[in-house]
Amino acid sequence: MTTTTSKNASPEIKSINHSAKSSSADLLNSPTGKIWYLLYVKAKEEGRAVMHLANQGITAFYPKANITKVLRGKRQVVEEALFPNYVFAELDHGVHNFTSVRSTRGVIGFVKSGKDYQKVPNKLISTFRELETVVSVDKKVPSKGVKVLIDTPAYNNIQAIYQEPKGENRALLLIQLLNKPVLIELENNEFTVTD
């Protein structure tokens, strides 16, 4: 009986041995411990994705912003995702199954940087967690002194200067009438901000 040395081994056996060595080296070099990753989720389903990830024992969150908007003519504060369609998830390579994370309801997949999943530094995560929610105002909600264009039959296409809100539905505007500044009160949906 003769034994074959690696010198005389066929190219197929050499490649099998080489791939076995590289895959075991990859396993040894894979990250250990908990690492934050960036997930891409379906539109307006950040909360749903976080809830389903939590059901799997995965810590996940997304930073929120309280944005003041005019909706249906009413000034309202709405809580929205600071980064729409993105969720941060903390995964442990030894515990969590990455395939099940990708299959989670609301999750589309991992954000990749080249061929690797995008990792997020712990310092950035702690900064977002300290902020809790960011307060912001929608660009469509004017501030004092901003020029607006009136869209009512009585004052069609007249330029005015926004002064202040008057309750949730109305606002005070300053217009020039017969070379005099006049303060008028209009519904929030009766004027638009001009650039």
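The values are calculated or read from the model by the stated rules, or taken from the named source; none is laboratory data. Model, not experiment: these values are computed from the prediction. Here the Cβ is made from the backbone with ideal geometry for all residues, glycine too, and neighbour counts use every protein chain on show.
Identify, by number, the condition in (1) surrounded by 14 or more Cβ atoms within 10 Å (Cβ to Cβ); (2) in contact (Cβ under 8 Å) with a residue 60 or more places away in the chain that Ala89 doesn't meet.
(2)
For residues that are modelled with pLDDT of 90 or more and hydrophobic (A, V, I, L, M, F, W, C), scanning just the stretch 58-83, find the one that is surrounded by the fewest Cβ atoms within 10 Å (Cβ to Cβ).
Phe83
State yes or no: is Glu168 charged (D, E, K, R), surrounded by 11 or more Cβ atoms within 10 Å (Cβ to Cβ) and within 21 Å of Val77 (Cβ to Cβ)?
yes
Within the stretch 139-163, count every residue that is within 35 Å of the chain's Cα centre (by Cα) and at positive phi.
Counting residues in the stretch 139-163 that are within 35 Å of the chain's Cα centre (by Cα) and at positive phi gives 1.
Here is a yes/no grid of residues against (1) in a strand (DSSP E or B); (2) within 13 Å of the chain's Cα centre (by Cα):
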residue	(1), (2)
Tyr37	yes, no
Ala49	no, yes
Asn66	yes, no
Val70	yes, no
Gln76	yes, no
Pro84	no, yes
Arg105	no, no
Ile108	yes, no
Ile125	no, no
